[in-house]
Structures are given as structure tokens and as C-alpha cells.
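A short write-up of the structure that comes next.
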Amino acid sequence: MHTYNPISALLVFFSIGALLYFLFRPSKGWYWILKNQLTSNEKTIIEDVLKQLYHFENSNNKVDMKTLVHMLSFSNKKIVDAINIMTVNNLIYFESDILKLTEKGREYALRIVRVHRLWERYLAEKTGFHKIEWHDRAESMEHRLNHDEVEELSRHLGHPKFDPHGDPIPTKTGKMAQVKGVELPLLQVGAMGRITHIEDEPEVIYKQILAENIHIGSLIKVVENNVTRIVFLSEGEEFKLAPIVAANLTVAPLEKEILVEDNVTRLSSLTENETAKIIGISRESRGESRRRLLDLGFVKGAQVSIDLVNPLGEPNAYLIKGTSIALRNDQAAKILIKKD
Amino acid sequence: METKIQSACETCEHFNRDGLKKLGVRTDNFDFVVALAGNPNTGKSTVFNALTGLRQHTGNWPGKTVTRAEGGFEYNTKKYKLVDLPGTYSLMSTSEDEEAARDFILFGKPDVTVIVVDANRLERNLNLVLQILEITDKAVLCLNLMDEAKRNDVEIDVRTLSRDLGIPVVPASARFNRGIPELIQTISEIASGKMVCKPHRIKSVPENIEKAVKTLTVEIEKEFPNISNSRWIAFRLLEGDKKIIEALRKGEFV
Amino acid sequence: MKQNNIDHIIELSNELRWQIGDEFHDNLTESIYADAADIVKDTVRSKDSERRFRLDAKIDKIVTSKRFGFPIMFLILGTVLWLTIQGANYPSSLLANLLLDIIHPALKSGAAGLGMPWWLDGFLIDGVYLAVAWVIAVMLPPMAIFFPMFTLLEDFGYLPRVAFNLDALFNKSGAHGKQALTMSMGFGCNAAGVVATRIIDSPRERLIAILTNNFSLCNGRWPTQILIATIFIGAVVPKSLSSFVSLLAVIGVAVLGMVFMFGVSWGLSKTVLKGEVSTFNLELPPYRPPRFWKTIYTSLIDRTLIVLWRAIVFAAPAGAVIWLISNIHIGNESIAAWAIHSMDGFGFLLGLNGVILLAYIVAIPANEIVIPTILMLTVLVTGVGVGEGAGVMFELDSINATADVLKAGGWTLLTAINLMLFSLLHNPCSTTIYTIYKETNSVKWTVVASVMPVILGFIVTFLVAQLWRLMF
Ligand SMILES: Nc1nc2c(ncn2[C@@H]2O[C@H](COP(=O)(O)OP(=O)(O)OP(=O)(O)O)[C@@H](O)[C@H]2O)c(=O)[nH]1
Ligand SMILES: [Mg+2]
């Protein structure tokens, strides 16, 4: 105990603390970086290359080595190595400069796409991650699941055909459903439809769509459509999008004319002494939380009013089918109502 | 039938008070299994305690019971095993906290299911009742909390309700032991097959769903001709319920 | 053949599911409710159909109002805690008197009469019996007061309103309003609090509530806090203020526990538990007059059984260990003394000492025996004149005598403060750990729940000790 003095003890303590922080802080910690580098092995690179090629070929674009290196965030050498292995294994071939998928390569790529989209679906239905994170998480997960795990996952999700952006999920045998619908700018004023797909690339545009309250599966009605902007109604709100943004939305026009309620608002905007009728639950609410709301009686046509206002503003208690049920504001904002 | 007029039970001439024995936790050699299902906080555990003489925790708090409890009673020389289930809002969700109740009603194959409902909030409770009636046709509705309903000026036409649902309805106030004798009598009659129910089946299903359900039920009934709840299985298959799919594969429904 | 048909059915259902689309569940629920509405229309007549029943609405308006909601809540919690602590005093000392002062000597002389060897009677009576007796004397009375009161509130229907009022606070740290109740249960007993988390139906929030329940000071720790605060903190202020200040210190520790609870909840929800499903709904049941005597009777019986069981299963072995380590000698030192000396250095860094650390290790099974163990161990190493012999736990009737022993053990104000902090921030008792394992079914979460608070305790006491030594 000779060398002890409080200051040096504190110094030792804080340096250990700082070290731990730099090692383990989320995403930028040295430990994670190192781990990532070790695990981003050959397999990952090969699978990423395959996926890129697959997407490019699907949109009828051609890829040479240069664009590929540009697209992927691995070192030059690693990519070249991977490409060599892939040609030897008959996954890709060169047509002059252009890289092309072989039949086998295409199959492999489809498998990766399948895992990616299934995992996004899983994240959307069964976890609490925010939709902004779905893509990146799926991106790292797609290299990790083996065949049996993927099948189990698919079964667990009820063999879904579309991912949460509306992209079709390839089946085990590589078949894919068709996305129904047309790009939003092609709809006439007054037309109604259901959003079936939201394109997630390029990211800038996708982020813009995410920021709005636009959700797959919700009904829309076009009210204005010209070269500068497209205006439409969805779940009681009006959205104005530039045509280039709107083109990232695919909408299936409705066959039958159905009645769309106007003056739709959100349960969160209900005030004391008002009553309202429930129109439905926003498509933003999915999976378990949607089911729970329905079970609690928040179904179309039900009468609702505020039973108790919370002293801290949230959650308020709503009187629904004879019982008082408290919901937080973000939940109440997902319930569509029409005030009486 | 020996009919002693007992003060607690003047209205139910059939109830044989001497035939009842509360068995507590003794549930060996039972003849019938009775399940207690219902929404949270409707008084299931109170009914359970009244029937078995046990002291399951009750509390004015939705979700008080979290694991199932078992107890027994004997009535007219038949032994009944009673299972108190956690309250559920629905059998159609996949949330874990409702799993115990869901699985027991579906796979536990109770001989009688007692559905305990809050008479003050019948409409909301019927959501679960109608689902249970898709699964089983040996059920009795225990219209509990009648004392509160009376205080709140809620009147219920028990006979019409019973006719609409196709199962017997017993009004009760479990906390004050009212209606319990009638409930026991009804349970025994359903268990022995003396009383046959013809339960309500969900009607207002949209056309496209009904069509899909029909297609599936036909196929299911082809495979399992003796199954009584093929429609429910079809509903669940359409929902993609993993448990049901597995059960179907293993043939647990036959 | 059969399997093929079943596969066909399942394939078919997969196909049909996608034809129907996402709306299936919505539509089905809507149709069921439509049927329900039809049936209700025919059968239910209610004069007052939409509005909730009047008396209930009135009570609710008051207990959730901006002005009265919170004062009523704190008043009720305060009353419950005060009644528990004050009310438990008398029966506790009665029990202690009976079990420790009357039965213990009687057992000893009985054993002597039978000619039992000293080690057997020491092991059984001074070790096992004493630990069990301590736990019963300390734990039974407060539990028997706290839980019936809680149950009465529950039966009345008030508790969901507390969750309702406080949810916004918990929401901010990623937790569920119902955690307010599991935390309050934790003031009684952490194991009971952990079991009570079952009312939280969202998996993520439930886990948070389980992992942070230990930050509620439980009944086993209140007495320690009060004793130490009275001896050391009350002593630094003028006599007229001393009881008030020591009370304030205890409350401060409890509040600090809540601060840690919120902070740790927040941290957990942002890191390890990020991405777990989180849902919220809270049904406010109607008020119901509780059935007073029945409630009291059942919860008394229940609690008594729980405490007895706990005393036998967990405290008895702890008592045995305590006796053994103070009576088995290696060389010319008992194991206890040896352990104390080797932990003294680390203890010093934390502003504590080896005795305290050892006491907390052997008292993992039951927090109630910490103080008697500390006293016994202090006497063991310092050799001050009181006490009943190695491995015999005791507590002193007079606070002054206790203070003398502790001061002889080298205790200062810093030791006292850090002991209070460490009593708040250390691993849960073994009953709680076991309960956490049963409830989560996961070794990982059990380990996190047990280790995290100790690490926090080390860090906090360490920092306090260094700053203290810099300042004074
Ligand atoms: N007034 C009145 N209260 C009742 C009656 N039956 C039950 N209660 C009370 O209603 C509350 C809920 O009863 P429980 O038996 O715990 O309800 P449960 O259905 O088991 O609830 P969960 O376990 O949460 O699903 C308790 O406070 C009971 O005392 C009754 O007939 N009349
Ligand atoms: Mg119950």
C-alpha cells in the first residue's frame, strides 16, 4: 500500500475505462472492426460480388471490374482474388470486359437474395429494430445462415412471398412472384391503388420515403399529377413527392372502386370529450403489435373516446368496447379514426 | 334425483349438494378434464377456487395468473380435473404469454371448456368466446360478475344469449359463490353427454376468405374425416401458425 | 401417402395465404367482432352503455389528475413503507428475543446436556440454526406487513393506475410502466419483484424489469441501511437533527437506487436489448372493494411459507459456512481471518474493508445476515471483548455497543457511506438469482443480472472513496 494515492488510483481507473470504451464502443470499437475484418472472408466477398452482378443484370446494366471494385468496399486485391476463384468454380465468366453470371452463379445469387429478403421480413415481423436498420442487418446476416436455417426461417415466417419493401422473395427453387402494379407517376388523377413495393435504392431517395409516413400495403388516391410533383392521399395524410421520388413507389391499381373515408386522422389527435369511429390500423404497425391492437378491440367501426388523460401527457387511456385501455402516443398514432 | 332444498341453491332444483366434494390438489383418477378459459380479469381463478377449495391467487389486475393451475372436484361420483388458465384476449395471436392457454384449449382436449366472461363487457369478451366455439363444441359460458352488472344497470337476456351462442349460459357471481352450483350441474351434464351443444360459428367472414377456408376445410376433412374443428385449423393454416402446421404433420388432431 | 396429403394441404394453405394477402388477420378479427356486436345487440340492455361506470370514473379522475395523482401515489408508497419498517420493529424484536435469546441458549444447554461434541453443536446450533433464526426474525415481520398491504391495493385496482401515471418516465428509459409495480414489489423482496415482472407482456421490457429489480432496496437491506445511517451519519449532525438526517440518508440511497434503475434500463434498452420486440398496452380494470380479511389471511400464509422455505433452503447452508470458516484453522489463522486479510487491500481501494467483503460473500444467500456476520467477523479479527465466540452471529441490543465494535474495526464515515452504497449495489441474494434463472430460463441473463450490480457497486464505491480521500 506504499504507492497508493487517490490520484494515481483514479488515473489507472480512467485509463482502463477509456481503453474499454475504445475497444468496445458500438460499431466503431477496435474490437468490432478487427472482428469484422477477420470475418469478411472470401465467402462474403464472393457472395457480395454475385449479388451485385445479379442486381445489375436484372436491371440490364453491364459491369466490368472497375465498376465492381468501385461498388464494393473491399480491397482491390481481395476482389481480384475472389473473381479468380469464382471463374475457376464456374460461377461467372467474362464476355470481353463484362462480367456475367453463369447459370450456377445465378442460382447462388438467388439464394443470397432469398436469405437477405427473408431476414428483412424476419426483422420487420419478429423484432423491434427500426426499419432504417433492416437492410444493413440483413446484409451481414445473409452470409451466415446455412441451408437448413434458411428453410426453418422461411417456415417460421409462413413462407412469405414478399419482403417488407415489397420485393419478391425467391423460393427454394428460385422462383419469384411478380410485383403487381405500376410506378406511381403512371397513375391518373383520381386513381386509387395499394402500395405494393418501395424501392430501396438509391439510398438518398429511399431515406426520403422512409421519412414520410408511407407504408407498404396502404391505400392511396392520386389527387395531382404533373411534371413537378405528384400529390396523393394515404391513411388520411397528403403527400407531395417529386416524380423521381414517386417513381420508386409501385402501386397496384384497385380493380373495384372502394369507399375511402375522408377526414381521416389519428387516434393520437383525439381530445377529451370527442368521440370517433375507428377506420383501421395503419400499415406501419405490423406483426405482433398489430395483432395485439386488434385483439384489444381496436377494429374497424368501433367507437372510441378518451377515458383518462395522463398527467405526464402519455399514455392516454381510451375507452374501447367498454374497457379503458392505455396506449402510448406512437401506438395511438397508428390507429386511423374519423371523428364524429 | 334426491332434491334437498338448500338455501344457497333454491333456484336450481337439479343440483345435488351432497354429491359435491372439493378435492383440492388431488387430481388423480379423474373422469373428465375441465378447462377454465376467458379474458384476463374475468374471475377464472375465483371460479377455480370456488370449485376446488384451493387458494389460487386472484387479483384485480389483468394477467394475474401466468401459469396454469390444476385442481379437482368430485360431483355425483364422477371426478373432474379442473385447469385454471391464464387470461387471453384471443387465441389467434402468437404472443408467448398467451401460449399456455392457447395450447391447452387446442391440444389439451378438455372434456368441457368453461368460458368465464365479464357480464359488463360482453361484447369484447365475445371475441374470445366465438374463437373458442370454433374449436370445441363442449363449452359452457359462465356469465360472471353479475353483481357488478346489476349495479351498473346492465341487463342480459340469458336465454337469447344461450340460443345465439348455442351453448348453455350460467349467470354467476363467483366471489359470492352465486351460480356455482348451476355451473357444476351444467358441467356434469355436458361432460356426460346429456347436454349437447350446437355452437355458433363465425359468420361475417369476407367472401374471399370464406372461399379459401372452404377449399382448405374440404381437403382437411378428406384427410381427417372425424375432425370437428376443421374450419379453425383452416383459419390457422391461412395465418401460417407454425404450431398448427406441426400438429397437423404429426396427426395430433385425430 | 398420408404424409403427402398433409404436405399438399400445407402447400395449398401457403398458396391461398398469399392470394388473400396481408389483410387476413384484420378481416377475420373484424368479422368476429361483427358477430359479437350482433349478438350483443339482441341480448344486452344497458342504460349507460358507452360511458364507463360513474363511480370508477370519478376515482380515476382524482388518482390520475395532474394535481393529485403524484402526491397520492407517493403518500401511499410512503405509508406502506413506513408502516412496514415501523410496524415490523416490534414483532421483529419479539421474534429475535424468542429465537435468539430464549431458544438458542436453551438449545445450547440441551446439547450440552446430551453431551454433544462442541463442533457438532457449534455447526448445527451456532451455524445453521442461528442463520435460519436471523432470517425469520428479520424477514418475516416486514414481509407479513408489506405484502398484504400491497395485495389490498392490488385488489382494489389502484396499481394499474400507478403504472398509468408513471409510464412516461419508464418509456423514456425504454422500460414499461408496469415496472413501477415490480420495482415497488422489490422494496419488499426482490425475488417477489422478479416474479411479478410476469405482468409485463412485452419481452424486452420484462427482461429490463428483471435485470434492474435489484436496484430496489429490499426488506433484507432496509435494516442495514437504517442501522448504519443512524450510527455514522446521524452522529455527524447535532443530536436534534440526527434521526431526521439519517432517515434522509436512507431515503437518498433508495432514490439513488431508482436513478440507477432508470439509467441501467436506458442503457440496456439501447445496447444489448436493442431490437427485442417491444409492445405496450395497459388495461385499467374497474375498482373493486377488496375482501379485507381473506386477503390478509391468504397473503400472510403465503408469505410465511415463502420466508420459512427460503430460510431453510438458503440461509441454513450460509450459516453452516459462516461457522465453518471461522472455526476451521489453517496454520494458526481461521479461514475467515485469512480471507479477510487477503481482501483488505481491495476493500481499502473501495473504501470498505475485508470484513465487509467477506460478509457480503458469505451472505449471498440472504442479505438479512450481513450485519450479524459483519459484527461477528469484526470481533473475530479485532478481538474486542463482546460477542459470543467464533462463528456465532450476533447483534447488539444497543446501537452504541454496535458502534463501538465497528469503530474498533476501523470504520469511518467513509466506510459507512460506502457500505450503504454497496448494500444497494451488489449482487442479488441467491433466492433472487435462482428466481431470475427460473423466470428467464437463461444462464446468460442470470449472470448479467448477478454481475452487473456488483461491478456498478465496485465502480461507485471506488470513485466515492478516491474523491473522499482527495477532499478530506
Ligand atoms: N364483485 C365481484 N368480483 C369478482 C367476482 N369474481 C371475481 N371477482 C374479482 O375479480 C378480480 C379478478 O378475479 P380473478 O379470479 O383473479 O380473475 P382471472 O380471470 O383469474 O384473471 P387472470 O388470471 O388475470 O386472467 C378479483 O379481484 C376478484 O376478487 C364476482 O363475481 N363479483
Ligand atoms: Mg387467474
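The values are calculated or read from the model by the stated rules, or taken from the named source; none is laboratory data. In this text, all values refer to a predicted model and were calculated from it rather than measured experimentally. Here Cβ is always computed from backbone atoms with ideal geometry, including for glycine, and neighbour counts include all displayed protein chains. Surface accessibility is based on the protein's heavy atoms, side chains included, excluding ligands, DNA and RNA. Shrake-Rupley method; radii C 1.70, N 1.55, O 1.52, S 1.80 Å.
Tell me, what is the per residue accessible area of the protein assembly as shown in Å², probe radius 1.4 Å?
Details: 47620 Å² over 1066 residues.
Value for the protein assembly as shown: 45 Å² per residue.
Based on Cβ point charges of +1 for Lys and Arg and -1 for Asp and Glu, what charge dipole magnitude is obtained for the protein assembly as shown about its Cα centre, in debye rounded to the nearest 20?
Working: 112 positive and 114 negative charges, 187 e Å.
About 900 debye.
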Handout entry: Residues of the stretch C:341-364 buried by at least 10 Å² on assembly (accessible area, 1.4 Å probe, chain alone as reference)
Key = C:Gly345, C:Phe348, C:Leu349
Exercise for the section: Give me the distance between the Cα centres of the stretch A:180-232 and the stretch A:31-63, rounded to whole Å. Expected result: 30 Å
Problem - Placed amide H near B:Ala139: partners under 5 Å, 5+ positions off or other chain - result: B:Thr113
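Roughly to the nearest percent, how much of the accessible area of chain A is carbon and sulfur, given a 1.4 Å probe?
Roughly 55 percent, rounded to a whole number.
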Exercise for the section: Compute the long axis of helix C:130-156 from its Cα atoms, compare it with the longest principal axis of the Cα atoms of chain C, and write down the angle in degrees, 0 to 90, nearest 10. Expected result: 30 degrees
Fill in the blank from the handout: Computed on Cα atoms only, the convex hull of the stretch C:351-425 has an orientation-averaged projected area in nm² of 4.7 nm²
Fill in the blank from the handout: In short, the stretch A:1-21 residues buried by 40 Å² or more of accessible area relative to the isolated chain (1.4 Å probe) are A:Met1, A:Tyr4, A:Pro6, A:Leu10, A:Phe13
Problem - chain C - convex hull of alpha carbons, volume per residue in Å³ - result: 244 Å³
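If you roll a 1.4 angstrom probe over the protein chains with everything in place, what fraction of the accessible area of the stretch B:111-179 belongs to carbon and sulfur, to the nearest %?
Values: 930 of 2150 Å².
Percent of accessible area from carbon and sulfur atoms in the stretch B:111-179: 43.
For chain C, what is the charge dipole size about the Cα centre, in debye to the nearest 20, if Lys and Arg each add +1 at the Cβ and Asp and Glu each add -1 at the Cβ? Don't jump to the answer; show the numbers that get you there.
Details: 32 positive and 33 negative charges, 226 e Å.
Using only the charged Cβ atoms, the result is roughly 1080 debye.
Run lengths n ≥ 4 of DSSP H only: what is the helix-derived mean residue ellipticity at 222 nm for chain B, with -39500 (n - 2.57) per run over all residues, to the nearest 500?
Details: 9 runs with 94 residues, N = 254.
Computed ellipticity for chain B at 222 nm equals -11000 deg cm²/dmol.
In Å², rounded to the nearest 100, what is the total accessible surface buried by chains B and C against each other with a 1.4 Å probe? Numbers along the way, then the final one.
Numbers: alone 13840 and 24730 Å², together 32880 Å².
Answer for the B-C pair: about 5700 Å² buried.
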Completion exercise
Under 5 Å from the placed amide H of B:Ser93, counting only residues 5+ away or on other chains, we find none
Handout entry: Fluctuation leader among A:Ser282, A:Ser73, A:Ser218 - chain A, Gaussian network, Cα springs under 10 angstrom
Key = A:Ser73
Problem - Phi-based couplings in Hz for the stretch B:73-85 (Karplus 6.51, -1.76, 1.60; Gly and Pro marked x) - result: 8, 10, 9, 6, 6, 9, 9, 10, 9, 9, 10, 8, 10
Handout entry: Within chain A, helix-based [θ] at 222 nm, where runs of 4 or more DSSP H residues each add -39,500 (n - 2.57), nearest 500
Key = -12500 deg cm²/dmol
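Which entries of B:Lys64/C:Lys438; A:Lys321/B:Lys243; A:Lys334/C:Lys41; B:Lys78/B:Lys194 show an alpha-carbon separation above 20 angstrom in the structure shown? Please report the intermediate quantities before stating the final value.
Values: B:Lys64/C:Lys438 18 Å; A:Lys321/B:Lys243 31 Å; A:Lys334/C:Lys41 29 Å; B:Lys78/B:Lys194 14 Å.
Table pairs above 20 Å Cα-Cα are A:Lys321/B:Lys243; A:Lys334/C:Lys41.
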Practice task
Arrange the peptides B:120-133, A:268-281, A:170-183, C:20-33 so that the one whose residues have, on average, the most other Cβ atoms within 10 Å appears first.
Solution key: B:120-133, C:20-33, A:268-281, A:170-183
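When averaged across all projection directions, what area in nm² does the alpha-carbon convex hull of chain B cover? Please list the in-between numbers first.
Working: hull surface 56.6 nm².
About 14.1 nm², averaged over all directions.
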Completion exercise
A correct Karplus calculation of ³J(HN,Hα) over the stretch C:266-282, with 6.51 cos²θ - 1.76 cosθ + 1.60, θ = phi - 60°, whole Hz and x for Gly and Pro, returns 4, x, 4, 5, 8, 10, 5, 9, 4, x, 5, 5, 9, 10, 9, 7, 9
Practice task
Run the 1.4 Å probe and let me know the accessible area of B:Asp164, rounded to the nearest 10 Å².
Solution key: 40 Å²
Exercise for the section: For helix C:179-188, report the angle its Cα long axis makes with the longest principal axis of the Cα atoms of chain C; keep it between 0 and 90° and round to the nearest 10°. Expected result: 30 degrees
Problem - Radius of gyration, Dmax [the stretch C:208-333; alpha carbons; angstrom] - result: 21.7, 68
Problem - Selection from C:Ala359, C:Trp411, C:Ala192, by position along the positive dipole direction of chain C (Cβ) - result: C:Trp411
Practice task
Anything over 29 Å Cα to Cα? Flag those among A:Lys126/A:Lys207; A:Lys300/B:Lys222; B:Lys214/B:Lys250, in the order listed.
Solution key: A:Lys300/B:Lys222
Practice task
Putting +1 on Lys and Arg Cβ atoms and -1 on Asp and Glu Cβ atoms, find which of A:Asn89, A:Leu72, A:His135 reaches farthest to the positive end of the dipole of the protein assembly as shown.
Solution key: A:His135
Exercise for the section: Hey, can you grab everything whose amide H is under 5 Å from the amide H of A:Arg266? Only 5+ residues off in sequence or another chain; H modelled, so Pro and N-termini drop out. Expected result: A:Ile337
Handout entry: For the stretch A:127-264, the Rg and Dmax computed from alpha carbons only, in angstrom
Key = 16.8, 50
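Under 8 Å for C-alpha pairs, at least 6 residues apart: give me the relative contact order for the stretch B:1-160, rounded to a whole percent.
Values: 298 pairs, mean separation 37.4, N = 160.
So the answer I get is 23 percent.
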Fill in the blank from the handout: Cα-based Debye curve of the stretch C:119-209 sampled at q = 0.11, 0.24 Å⁻¹ gives log₁₀ I(q)/I(0) of -0.44, -1.15
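Calculate the mean, over all residues of peptide A:283-292, of how many other protein chain Cβ atoms lie within 10 angstrom of the residue's Cβ.
Details: counts 1, 0, 0, 1, 4, 9, 7, 6, 11, 10.
Partner Cβ neighbours, averaged per residue: 5.
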Practice task
Can you bin chain A into rounded, prolate or oblate? Criterion: square roots of the alpha carbon gyration tensor eigenvalues sorted a ≥ b ≥ c, rounded for a/c under 1.5, prolate for a/b above b/c, oblate for the rest.
Solution key: oblate
Problem - Principal axes of the protein assembly as shown: Cα extent on each, largest first, Å - result: 96, 93, 61
Exercise for the section: Please report, in whole Å, how far the alpha carbons of the stretch A:283-336 spread along each principal axis, starting with the longest. Expected result: 30, 22, 16
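At a temperature of 25 °C and a viscosity of 0.890 mPa s, determine how fast the stretch A:192-293 diffuses translationally according to Stokes-Einstein, using the Kirkwood radius over alpha-carbon pairs as Rh; express D in µm²/s, rounded to the nearest whole number.
Numbers: Rh = 15.0 Å.
Translational diffusion coefficient: 163 µm²/s.
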Completion exercise
If one builds a Gaussian network model of chain B from Cα atoms under 10 Å apart, the most fluctuating residue listed among B:Pro181, B:Pro86, B:Pro62 is B:Pro62
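Summing -39500 (n - 2.57) over the DSSP H runs of n ≥ 4 in chain C and dividing by its residue number, what mean residue ellipticity at 222 nm do you reach, to the nearest 500 deg cm²/dmol? Write down the numbers at each step before the final one.
Numbers: 22 runs with 329 residues, N = 472.
That comes out to -23000 deg cm²/dmol.
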Exercise for the section: Using the structure shown, list the pairs from C:Lys172/C:Lys270; C:Lys270/C:Lys444; A:Lys35/A:Lys131 with a Cα-Cα distance above 21 Å, or answer none. Expected result: A:Lys35/A:Lys131
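For the stretch C:372-471, compute Rh as the Kirkwood radius over C-alpha pairs and then the Stokes-Einstein diffusion coefficient at 20 °C and 1.002 mPa s; write the answer in µm²/s, rounded to an integer. Can you show the working numbers first?
Values: Rh = 15.8 Å.
Reported coefficient: 136 µm²/s.
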Exercise for the section: Could you name every residue in the stretch C:151-183 that has 20 Å² or more less accessible surface in the full protein assembly than in its own chain alone (probe 1.4 Å, ligands and nucleic acids excluded)? Expected result: C:Glu154, C:Asp155, C:Pro160, C:Phe164, C:Asn165, C:Asp167, C:Ala168, C:Asn171
Handout entry: Shape category assigned to the stretch A:28-143 from the gyration tensor of Cα positions, a/c cut at 1.5
Key = oblate
Handout entry: Calculated Rg and Dmax of the stretch A:244-339 using C-alpha coordinates, Å
Key = 15.0, 48
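Normalise the Cα radius of gyration of the stretch B:159-239 by 2.2 N^0.38 Å (N = residues in it) and let me know the number.
Working: Rg = 17.2 Å, N = 81, 2.2 N^0.38 = 11.7 Å.
Normalised Rg, Cα atoms only: 1.47.
Name the shape class, rounded, prolate or oblate, that the alpha-carbon gyration tensor gives for the stretch A:14-63, where a ≥ b ≥ c are the square roots of its eigenvalues, rounded holds for a/c under 1.5, and otherwise prolate holds if a/b is larger than b/c and oblate otherwise.
Working: a/c = 7.19, a/b = 3.40, b/c = 2.11.
Prolate, because a/c is 1.5 or more and a/b exceeds b/c.
Using the crude model of +1 on Lys and Arg Cβ and -1 on Asp and Glu Cβ, and no other charge, please compute the dipole size for the stretch B:164-254 relative to its Cα centre, in debye to 20. Please list the in-between numbers first.
Numbers: 15 positive and 12 negative charges, 26 e Å.
The dipole of the stretch B:164-254 has a size of about 120 debye.
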Practice task
Could you go through the stretch B:114-127 in sequence order and give the Karplus-derived ³J(HN,Hα) for each residue, using 6.51 cos²θ - 1.76 cosθ + 1.60 with θ = phi - 60°, rounded to whole Hz, and x for Gly and Pro?
Solution key: 8, 9, 8, 10, 8, 4, 6, 10, 4, 4, 5, 5, 5, 3
